[in-house]
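Computed from the coordinates by the stated procedures, all read-outs in this text should not be read as laboratory data. On a predicted model such as this, the values are computed, not experimentally measured, just so you know. Positions of Cβ are generated from backbone atoms using ideal geometry, with glycine treated the same way; all protein chains shown enter the neighbour counts.
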Amino acid sequence: MKRFDLVQARVCLSSGERARVLLDGIEMDAFVAGALEYSAESAADLPATGDYVLVRLIDAATVLIEEVLPRRTKISRRAAGTRNDEQVLAANVDLALLVCGLDGDFNPRRLERYLAIAQEGGVKPVIVLNKADTCAEREERLAETKRVAGSTPVLLVSALTGEGCEAIRALLATEVTAVMLGSSGAGKSTLLNQIMGSEIHSTSAVREDDSQGRHTTTHRELIPLPGGSALIDSPGLREIQLWATAESVGAVFDDIAALAGQCRFADCGHLNEPGCAVRGQVAQDRLDSFHKLRREAARLADTRSEKVRWRAMHKAARQFYKMRGR
């Protein structure tokens, strides 16, 4: 069959070799073609939620995914475990709603990681501080978050009462795709239900001792919204290992970058150098986080360079043996 048999669809749910896609507004079962799996250099090349793909109709309710179209933006993290592989959490998204509960879930250091991966993927972040109705120190935590956020918008909301949720609906009023990211128990499912005005996903209470949830959302799913927008809900992330460059990390710490220009030495590492304009002006926990993320980014860059080298060698070897076999 020729290429004109293929039509474009969008992945709304991906799970290994199987997926669900939206084709002309209709949700259909999908399978990943063997040729696509074989040609993929890593799992990151396979369909992810939000991807636009070319599919071939098998029957009235099933398609075969033949090709993943180039991604405009993406949200990725380093896959859990010891392997240095990319895991694409969402593709072709415009907004990343970084949901953080104002209970035991509140963690500015985790927000810095989310901001770095959003920066790396070309996605505009918006920090959503949820559970405002339960927090007596909401204004203090809002101020602390704004010091971390820089130019990133910060919204104070309560998914339970609806406070502040109109601002999120306004962000989704135009034709955009947003993804909700946050740890289990941050209230993402409750927030989704509040935005939609109905129970899309079931919710459960968090544990009182550590504010952790029970993963009521078990997969990343793209949900069409009125007006042409879409929202990708995702399971709570137990860990958010960095998948970003040093440049993306630096963009998150723009307060440090602004002060660095006043350091005595142009290559000041903001550690023990004399004449450093950063130490003492930036909170120590934020400066420690900056150094930690920079080290992670450097290790990741080394690993990615090595993988690129080995992939090039394997590709050349395959081409060599293919030519010999002619």
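May I ask you to list the trypsin sites (Lys or Arg not before Pro) in the range 1-55 that are in a DSSP loop and have at most 16 other Cβ atoms within 10 Å of their Cβ? Provide the component values of the computation, followed by the final result.
Numbers: sites: LYS2, ARG3, ARG10, ARG18, ARG20; in loops: LYS2.
Answer in residue order: LYS2.
Over all Cα pairs of the range 3-68, how is the pair count split among 10 Å bins, expressed in % and running from 0 up to the last occupied bin?
Computed distribution, short to long bins: 25, 61, 14, 0.
Apply the Karplus curve 6.51 cos²θ - 1.76 cosθ + 1.60, θ = phi - 60°, to the phi angles in the range 50-67 and return the couplings in whole Hz, x for Gly and Pro.
Going residue by residue, I get x, 5, 8, 9, 9, 10, 10, 5, 9, 8, 5, 10, 9, 10, 10, 7, 9, 7 Hz, with x marking Gly and Pro.
Which value, to two decimals, describes the C-alpha radius of gyration of the range 74-233 once divided by 2.2 N^0.38 Å?
Details: Rg = 14.9 Å, N = 160, 2.2 N^0.38 = 15.1 Å.
Computed over Cα atoms of the range 74-233, the ratio equals 0.98.
Just flag the GluC sites (Glu not before Pro) in the range 30-112 sitting in loop per DSSP whose Cβ has no more than 15 other Cβ atoms within 10 Å.
Numbers: sites: GLU37, GLU41, GLU66, GLU67, GLU86, GLU112; in loops: GLU41.
In loop regions of the range 30-112 (DSSP not H, G, I, E or B), the sparsely surrounded GluC sites (Glu not before Pro) are GLU41.
Let's test the formula: R0 of 41 Å, r as the Cβ-Cβ distance of GLN262 and GLU239. What FRET efficiency results, to the nearest 0.05?
Working: r = 35 Å, r/R0 = 0.86.
The calculated FRET efficiency here is 0.70.
Would you kindly compute the Cα radius of gyration of the range 1-160 and its largest Cα-Cα separation (Dmax), both in Å?
According to the Cα coordinates of the range 1-160, Rg and Dmax are 19.3, 64 Å.
Residue by residue through the range 271-285, which ³J(HN,Hα) values in whole Hz follow from phi under the Karplus form 6.51 cos²θ - 1.76 cosθ + 1.60 (θ = phi - 60°), with glycine and proline marked x?
With the stated coefficients, the range 271-285 comes to 10, 10, 5, x, x, 6, 8, 8, 4, x, 9, 10, 3, 4, 5 Hz.
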